[in-house]
Amino acid sequence: MLENETYENCMDCPRHLVAPDPDPTDWFEDDDELVLCTFTKERRNITVACRPHHKRAECKTPSWCPLLLVNGINTTLQKD
Ligand code: SF4
């Protein structure tokens, strides 16, 4: 990854991580997933309890993306 790259969707960024996030009370959602940003040591959720086929729709790059800060596109750290 080049530090001067940015992504419109976290699913295209090599810094995203997908992990299981099942709902223990609902068998229908036992394959839910979460997506984390691993750019910083404090990993941050991009989406949680996400249906696997909804990941791309729920992972548009957030305003707090560290790459936007590094590249000067967003100069304030925002919390969504
Ligand atoms: S928030 Fe930014 S750095 Fe983190 S996974 Fe998404 S695009 Fe990559």
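Coordinate-derived values only; no laboratory data. Predicted model, so just to flag it, every value in this text is computed and none were measured. Note: ideal-geometry Cβ built from the backbone for every residue, glycine included; neighbour counts use all protein chains shown.
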Quick one: which residues, 5+ away or cross-chain, put their amide H under 5 Å from the amide H of Thr47? H built at 1.01 Å from N.
Val35
Evaluate the charge dipole of the chain about its Cα centre and quote only its size in Debye, nearest 20, assuming +1 on the Cβ of each Lys and Arg and -1 on the Cβ of each Asp and Glu.
440 debye
Which ³J(HN,Hα) values, rounded to whole Hz and listed in residue order, are derived for segment 60-72 from phi using the Karplus coefficients 6.51, -1.76 and 1.60 in 6.51 cos²θ - 1.76 cosθ + 1.60 with θ = phi - 60°, glycine and proline given as x?
5, 4, x, 5, 8, 3, x, 5, 5, 5, 4, 8, x
Amide H to amide H under 5 Å from Asp21: which residues, 5+ apart in sequence or cross-chain, H placed 1.01 Å off N in plane?
Asp32, Glu33, Leu34
CD proxy, 222 nm, the chain: helix-only mean residue ellipticity via -39,500 (n - 2.57) per DSSP H run with n ≥ 4, per residue, nearest 500, stands at -2000 deg cm²/dmol
Cysteines without a disulfide-compatible neighbour (Cβ-Cβ under 4.7 Å), the chain
Cys13, Cys37, Cys50, Cys65
Stokes-Einstein, Kirkwood over Cα pairs, segment 10-70, 20 °C, 1.002 mPa s; D in µm²/s equals 178 µm²/s
Grab the Cα-Cα distance for Glu3 and Thr40, subtract it from 0.36 nm times how many residues apart they are, and report the gain in nm with one decimal.
12.0 nm
For the chain, the charge dipole (Cβ of Lys, Arg +1; Cβ of Asp, Glu -1; about the Cα centre) points to a positive end, and the Cα of Val35, Ala19, Asn9 closest to that extreme belongs to Asn9
